[in-house]
1. Return the pair list, or none, for Cβ contacts closer than 8 Å from residues in the range 67-78 that are part of a loop (DSSP other than H, G, I, E, B) to residues that are modelled with pLDDT of 90 or more and not charged (D, E, K, R), at least 6 apart or on different chains.
2. Return yes when Gly153 is open to solvent by less than 50 Å² (accessible area, probe 1.4 Å), at pLDDT below 90 and more than 13 Å from the ligand (Cβ to nearest atom) and no when it is not.
3. Spot the failing condition for Lys172; the list is (1) basic (Lys, Arg); (2) within 12 Å of the ligand (Cβ to nearest atom); (3) open to solvent by 50 Å² or more (accessible area, probe 1.4 Å), and only one is missed.
4. Of all residues in the range 292-324, how many are within 23 Å of the chain's Cα centre (by Cα) and away from the ligand (no atom under 16 Å from the Cβ)?
5. Using beta carbons and a limit of 6 Å, which pairs, at least six apart or on different chains, have the first residue in the range 317-340 and closer than 24 Å to Pro253 by Cβ and the second one at pLDDT below 90?
6. Which residues, taken from the range 306-358, are open to solvent by 40 Å² or more (accessible area, probe 1.4 Å) and in a strand (DSSP E or B)?
7. Go through the range 244-257 and give me each residue that's part of a helix (DSSP H, G or I) and either surrounded by fewer than 22 Cβ atoms within 10 Å (Cβ to Cβ) or among the polar types (S, T, N, Q) (or both).
8. Among the strands (runs of 3 or more DSSP E) contained in the range 131-192, which hold 1 or more residues that are within 22 Å of the chain's Cα centre (by Cα) and among the charged types (D, E, K, R)?
Amino acid sequence: MPLSKSTAPLHVQDVMDILKQVIDPYSGENIVTLDWVSGLNIDQNNLTISINIPPEKATNYEPLRQEVEHKVKALPSVHKVMVVLTAHKASSQQNMKANSTFRGKYELPNVKHIIAVSSCKGGVGKSTIAVNLACTFQQQGLKVGIVDADVYGPSLPRMLNLKGRPVIDENKKITPHLQYGLQCASIGLFVNEDEPLIWRGLMVQTTIQQLFKDVKWQNLDVLIVDLPPGTGDAQLTMIQKVPLAGAIIVTTPQDIALVEARKTISMFKRLEVPLLGLIENMSIFQCPHCGVTSPLFHSGNSQQEAERKEIPFLGQIPFIYELSQACDTGKPFVLKDPEHPIAKIFQNIVDQVLPFLK
Ligand code: ADP
């Protein structure tokens, strides 16, 4: 490392701000707006960037590659930089294979596929959907685990009625809680519910390590990860460390939520995590008495948003009282009533995702 270099942490946003200054000479647009930054990995202030250029002009872009390298190297906390040009777009299935095999620092030999459930905004029903999806995968005959990595609001203990601190063996390995046939681990089992958020934030690094590397997962087909909401450092660290097969984004049909969902989608795209699709939660409200439905929010169209971003739209889940009641009583809704139309929506979502896991 050059002596003049700072050891302050390097943030993705700083790098993206620099990349926005690099202009494609043919279109006049910057490479971030063009969505060409297909990979960005920060490892202890060493940076790897992939730029996906148009294949037909591939040979003309070496000066642009050098410009990116030169500009990024000038950042005070960057130590080493590697910039690579790619000139093709892999299919999402190819991407998924590559990600499952090579991405991330942690190896989870007992887990076949890791799927993140993510949202940019809190309270959109991300955990509710993560838990019900996990149960639905299991109903399809898969061995399933769920990890609650939402450091800012762990809700798995409540939603799955998990009790007691995890058992940790002499090698510091954690036995996952077994509940409804799911293997479960949650940051919420390590901290008290009333613990201050700042303290939890400080635990992010160790938490990630414990939840993914140190849990003794037993031959899982699918591990569902309930990520913290947002696109901050906690999320980025997790996405970079965990070998994700793909991500599912949860949103509500509000403009504000969709703006946030867009950010989440861009984050996964930049980190080259395949997007399995978008789920719209709380689409409509169904009256428990008369069955009449009405919209809960006045605007926002998630399906159009998914089409715009070229990711699958997996389905809409209405707001129903029983779903939140099931969360509060600690038994997921799809287990209580597998024949309910909402359970069928979850089955349909899982059916759309399963082909990507072959
Ligand atoms: P997040 O993980 O995004 O913060 P949660 O899954 O904790 O959100 O959901 C927030 C609240 O909304 C919970 O009380 C949950 O029971 C309720 N909820 C989520 N989705 C639905 C739904 N479709 N119908 C009824 N209640 C829901």
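The values are calculated or read from the model by the stated rules, or taken from the named source; none is laboratory data. Nothing here was measured: the structure is a model prediction, and the numbers come from that model. Methodologically, a virtual Cβ is constructed for each residue, glycine included, from the backbone with ideal geometry; neighbour enumeration extends over all protein chains shown. These accessible areas exclude ligands, DNA and RNA; they are computed on the full protein's heavy atoms, side chains included. Shrake-Rupley method; radii C 1.70, N 1.55, O 1.52, S 1.80 Å.
1. Ala74/Ile18; Leu75/Ile18; Val78/Val72
2. Values: open to solvent by less than 50 Å² (accessible area, probe 1.4 Å): yes; at pLDDT below 90: yes; more than 13 Å from the ligand (Cβ to nearest atom): no.
No.
3. Lys172 satisfies all of (1) basic (Lys, Arg); (2) within 12 Å of the ligand (Cβ to nearest atom); (3) open to solvent by 50 Å² or more (accessible area, probe 1.4 Å) except (2).
4. 12
5. Pro318/Ser283; Pro318/Ile284; Pro318/Gln286; Phe319/Phe285; Phe319/Leu296; Ile320/Gln286; Tyr321/Pro288
6. Listed by number, the residues that qualify are Phe313, Gln316, Phe319.
7. Filtering the range 244-257 for residues part of a helix (DSSP H, G or I) gives 255-257.
Listed by number, the residues that qualify are Asp255, Ile256.
8. 144-148
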